[in-house]
Every structure is written in structure tokens, then in C-alpha cells.
């Protein structure tokens, strides 16, 4: 089956303006192996600044996830494309875009309303924290997985709800842009962000730290290593986890070639191809109404 049949660009009118997004369907759906009445998980993948949604498709390698896990994957074109960062302030027109896009896709009858998820990179990860602080979106999106991001202090202060909000952060300790220690002004540090969401979710139990195992095809002598810190609320099943890439930069972990000038600007890429599997396993542990508590290694 052609890739054009699986992946199509669509338009949605928001306040009189065209907003675009790409939507990928699994081939099993189009081949009617998955019957039409069966609703599928929906994963949003948000690009960073100076990236397009189509670039994010190839950068994140989520296209295979639609096939492997029989889910819908949406890549919205966000409004901060030409900006270095997500605009300040709690009001943001991309929030309305994602709200209406969810409503639009739910009307199609294809989407399982209990299994809507969101991930993103850089600015596309930063805004996930804003979406998580929005009452409407946090009540619909079952789990968030920001890669290379921190929480805006104003967004934290203006968070609209106390709903359990499952978040798995992936951060490099040597990120030159979304710095591990934050900027002491707008952005919290990574550890402050992690603690904020634990407090928000009323998670009082101690976290469990796991060193992620390396696969046989990992690049030798890699200067980075990854470990995950997991915490759960046993009553609600909500999860707040942090994947730390020791020595990692402002990059999406993936076993792909990189250029010396990219390493100079962005820092080291963790070459273990774990991001998509970690994110999917995290998503799969959670439903908006009935999250399940399990270990990442189970």
C-alpha cells in the first residue's frame, strides 16, 4: 500500500484561519484488517521551533509506531514555527487548535477517547506542559511525553486543575537550550519540573530508579547513558517519570548518524534507539479513565 494512502495532510479552520496537520493511519485499518468500528489510539507529535511537522515525522521516527501498534499519529503545524520559543503567557492559540483538532478527530469515530496521547520535542515539548495545565486538554489527553523541555513558572502558577496528569520527561543533562538547571527566570529546572508534577499528582511515595539496558546494536564507546526515575500514585495510577540522558544534549535519542557541527551546537545524541518504545510503553500504561500501574521494564 502506498505511503500516500497512509499519510495525508488536512486542514482545519480555527477562528477563520487555516491550520494544517498530517494524519497517518495504519495500513491494517485501510486494508480492513482492523474493522472500522474498532477505535484506535491517537498520538500527537509536536515539532519544535524552526521545524515543520513533516520534518518531525522523519526526525522522531513515529511513523513506524502507527504500523506496529495500530494507532493514528497526528503531526500538527504549530504556530511557533518561526519563533525561537513558545510565546510567554497562559493564553496560546495553539491550545485552541489542539482542542478543536481533538474534537474534530473524535467526530470521525476512529479515535478511542480514553487513549489520546501527546509527545513533542523542544518547543513542541515545552508546550505540552501548557497543554497539561489546561483543564480541557488534561481531561482528554491520557499521558504526555515531552522530550527536551522544562515547565514555565507562570504556567505552573496558573494551572487550571488538580486532575491526575501522567507525564514522562526525557532530558539530557548537557542540553544547551532547555538547560537541566533551567534559566532561573522563565523556565524551571528539570528536577523542579519533575517535582512540580509529582506534587500536582499528590505522589508521596518514593521513586524507583532503573538503569535502562543497552541493546546489542548500541554504538560502542557512546559518551551517554540513560536511566529512568519512575513514580506512581497507587490510588489514581497516575505516573510521573523522568528519563535522564547522562551527557545528552538538545537531541532526540536515536541511533542515527549526526554531523560534527550538530554535536557542537546541540550536544551529544544518545545513540540507543529507545525513545519511541519508551514513549509507547508509557502511553500504553495509561487510559484517561483507567490507568494501569506497571514498571517500564515489564
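When a footprinting reagent is the concern and you count Cβ atoms within 10 Å, what order do 261, 232, 144, 81 take, fewest first?
Values: 261 8, 232 22, 144 27, 81 14.
If I rank by nearby Cβ atoms, fewest first, I get 261, 81, 232, 144.
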Does region 3-284 come out rounded, prolate or oblate, given a ≥ b ≥ c as the square roots of the eigenvalues of its C-alpha gyration tensor, rounded meaning a/c under 1.5 and, failing that, prolate meaning a/b above b/c? rounded
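Taking the Cβ of each residue in 192, 272, 38 as the centre, tally the other Cβ atoms inside 10 Å and list the residues starting with the fewest. Before the final figure, lay out the partial values.
On the way: 192 15, 272 22, 38 10.
Ascending number of Cβ neighbours within 10 Å: 38, 192, 272.
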Between residue 154 and residue 38, what's the calculated FRET efficiency when r is the beta-carbon distance and R0 is 35 Å? Round to 0.05. 0.25
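Give me the extension gain from residue 10 to residue 265: residue separation times 0.36 nm, minus the current Cα-Cα distance, reported in nm with one decimal. Walk me through the intermediate numbers first.
Working: separation 255, 0.36 × 255 = 91.80 nm, distance 3.39 nm.
Result for the pair: 88.4 nm of gain on full extension.
Mind giving me the FRET efficiency for residue 88 and residue 28? R0 is 35 Å, r the Cβ-Cβ distance, nearest 0.05 is fine. Walk me through the numbers before you get to the answer.
Details: r = 43 Å, r/R0 = 1.23.
The pair residue 88/residue 28 has a calculated efficiency of 0.25.
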Treat each spin label as a single point 7 Å out from the Cα along the C-beta direction, and report the residue 204 to residue 162 distance in nm. 1.3 nm
Figure the gain on full extension for residue 183 and residue 104 (residue separation times 0.36 nm, minus the Cα-Cα span) and round it to one decimal in nm. 24.7 nm
Defining a contact as two alpha carbons under 8 Å apart and six or more residues distant in sequence, what relative contact order in percent does region 3-284 show? 14 percent
Among 194, 90, rank each residue by its count of other Cβ atoms within 10 Å, from fewest to most, as a rough exposure measure. 90, 194
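Just so you know, all these numbers are worked out from the coordinates, no wet-lab data involved. What you see is a predicted model, and the numbers here were worked out from it, not measured in a lab. Don't worry about glycine lacking a Cβ; one is built from the backbone with ideal geometry, like all the others, and counts go over all protein chains shown.
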